[in-house]
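In what follows, a single structure is set out as structure tokens and then discussed.
The values are calculated or read from the model by the stated rules, or taken from the named source; none is laboratory data. Since this is a predicted model, take the numbers as computed values, not measurements. When we count neighbours, we look across all protein chains shown, and the Cβ atoms used for this are built from the backbone with ideal geometry, even at glycine.
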Amino acid sequence: MIVFFFFPGGFATTANVQINIMDINDNIPVFYPRNYSKNIQDSTQPGSEIITVHASDDDSGVFGQIQYSIVAGNDQKRFDIDARTGKLYVIIYNIKQHL
Ligand SMILES: [Ca+2]
């Protein structure tokens, strides 16, 4: 944009001002799909991948980076999730005994 500067005595000048709009963290991550469902055997081996969840964030840079974690329902530590990839794993052998 062009900005006008006026000085006492009738003098004036202009300056070109470039405005760079920086991205801010104004978008929340969104899971797609919103719900996942998977049946697994009670004999599923530890380390088996169950499912991969996916979320996206429209922000750029660090504000758009996704980190996954299990926030509830895993008190017995039966499952683990890869913070970067969203892969959900079984980590306890014979899940049925731990339910
Ligand atoms: Ca964001």
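Contact map, the stretch 46-58: first residue closer than 12 Å to Arg78 by Cβ, second residue away from the ligand (no atom under 16 Å from the Cβ) and part of a loop (DSSP other than H, G, I, E, B), Cβ cut-off under 7 Å, separation 6 or more or different chains; pairs are Pro46/Ile91; Pro46/Ile92; Pro46/Tyr93; Ile50/Lys38; Ile50/Ile40.
The number of residues in the stretch 9-56 being of a type in the set (D, E, K, R), surrounded by 10 or more Cβ atoms within 10 Å (Cβ to Cβ) and assigned to a loop (DSSP other than H, G, I, E, B) comes to 2.
The single condition among (1) modelled with pLDDT under 90; (2) farther than 29 Å from Ile92 by Cα that Asp26 does not satisfy is (1).
Scanning the stretch 83-94 for residues that are surrounded by 13 or more Cβ atoms within 10 Å (Cβ to Cβ), of a type outside the set (Val, Ile, Thr) and either modelled with pLDDT under 90 or in a loop (DSSP other than H, G, I, E, B) (or both) returns Gly86, Tyr93, Asn94.
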